[in-house]
Structure formats: structure tokens, C-alpha cells
1. Give just the number: which of (1) open to solvent by 100 Å² or more (accessible area, probe 1.4 Å); (2) at pLDDT 80 or above does residue 121 not satisfy?
2. Of all residues in the stretch 57-98 being hydroxyl-bearing (Ser, Thr, Tyr) and free of Cβ contacts under 8 Å to residues at least 24 places away in the same chain, which is surrounded by the most Cβ atoms within 10 Å (Cβ to Cβ)?
3. Could you list, in sequence order, all residues of the stretch 1-35 that are without any contact (Cβ under 8 Å) to a residue 40 or more places away in the chain, within 23 Å of residue 83 (Cβ to Cβ), open to solvent by less than 40 Å² (accessible area, probe 1.4 Å) and outside any strand (DSSP E or B)?
4. For residues in the stretch 36-65 being in a helix (DSSP H, G or I) and among the aromatic types (Phe, Trp, Tyr), which is nearest to residue 91 (Cα to Cα)?
5. Mind counting the residues in the stretch 100-115 that are open to solvent by 80 Å² or more (accessible area, probe 1.4 Å) and out of contact with any Phe, Trp or Tyr (no Cβ under 9 Å at 6 or more places or on another chain)?
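The values are calculated or read from the model by the stated rules, or taken from the named source; none is laboratory data. All values derive from a computational prediction rather than experimental measurement. Here the Cβ is made from the backbone with ideal geometry for all residues, glycine too, and neighbour counts use every protein chain on show. To get the accessible areas, we keep the full protein, side chains included, count just its heavy atoms, and leave off ligands, DNA and RNA. Shrake-Rupley method; radii C 1.70, N 1.55, O 1.52, S 1.80 Å.
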Amino acid sequence: MKCAKWTTAITYADDLLIAVKAPTVAEVENFTNMEMSEIAQWSYKNKLHFNDQKSKVMLISRRSKERKGIDIYLNNNHLEQTDKINYLGIIIYSKFKFNEDIKYITDRCTKLLNALSKSARISWGQQTRESSHLYR
């Protein structure tokens with residue numbers, strides 16, 4: 001499938017990320033809907049199906065005066081717009097702030113370390129006999 005010059009498609013296994021760049025939000029909306037129509041036709045011809053419920057839309061713009069909402073459709077179904085997208089384990093935020101991502105990774109690492117310490121506690125650290133010699 002060929003994309004237009006304003007579109008970049010990034011694929012990995014069964015995941016697809018489409019980035020559309022244009023001067024205004026209205027143009028992004030129009031270009032994206034045209035691309036989604038092409039994708040729908042391509043997927044129909046190739047007997048593939050994209051899940052409308054799992055597909056999300058995120059608008060990234062530096063212009064604060066422009067509208068924030070965007071209406072994108074896949075197979076005549078309106079796609080949900082979000083402020084963050086999890087793509088291959090990386091959380092991408094519309095404002096490109098990574099504080100929440102760092103907190104998410106830190107929390108996951110803490111949970112893994114706690115689980116590891118619980119499972120290794122039987123033989124991990126000093127034994128009671130050695131501790132009693134230290135404190136006498």
C-alpha cells in the first residue's frame with residue numbers, strides 16, 4: 001500500500017501507526033480521512049480487518065488557538081480521540097511530556113523488584129545465625 005506524501009505509516013507485526021502532517025487541523029482531518037478510506041479499501045481487498053474499537057486518534061499540534069477535536073472515520077465508524085497512545089509499549093503523549101511514562105515504568109520496575117525479592121527471600125540476605133553473631 002502506498003501512502004501520500006503527507007502521510008507516514010509505521011508498521012510492526014500486526015500494529016500500524018499512521019502519522020499525517022499538514023499546516024492546519026482541518027487539512028490533517030481531511031488527509032487522514034482520505035488515507036483511512038484508502039486503508040479500508042486495501043484491507044478489504046486483502047481480506048484483513050482493522051478493529052474500530054482498538055483504533056485511536058491523537059492530535060499533536062503546537063498551535064494552541066486551533067481546534068482540539070478531530071473527526072476521523074474507519075469503515076464509517078468514528079474513531080475515539082485520546083491524549084495518549086500506547087504503541088509497542090511506549091506511551092506517546094499529545095504534549096510530548098514523559099513524566100507519566102517515567103512514573104509508569106518506575107511503578108512496573110518496583111512491582112517486579114518486589115515480586116523478585118518475595119520469591120528470593122528464603123535464601124536472600126543474611127541468615128539468622130550470622131545476624132545473631134553481629135549483634136552480640
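1. In the conditions (1) open to solvent by 100 Å² or more (accessible area, probe 1.4 Å); (2) at pLDDT 80 or above, residue 121 misses (2) alone.
2. That would be 93.
3. Hits for the stretch 1-35 are 22, 35.
4. It comes out as 42.
5. Number satisfying all stated conditions: 9.
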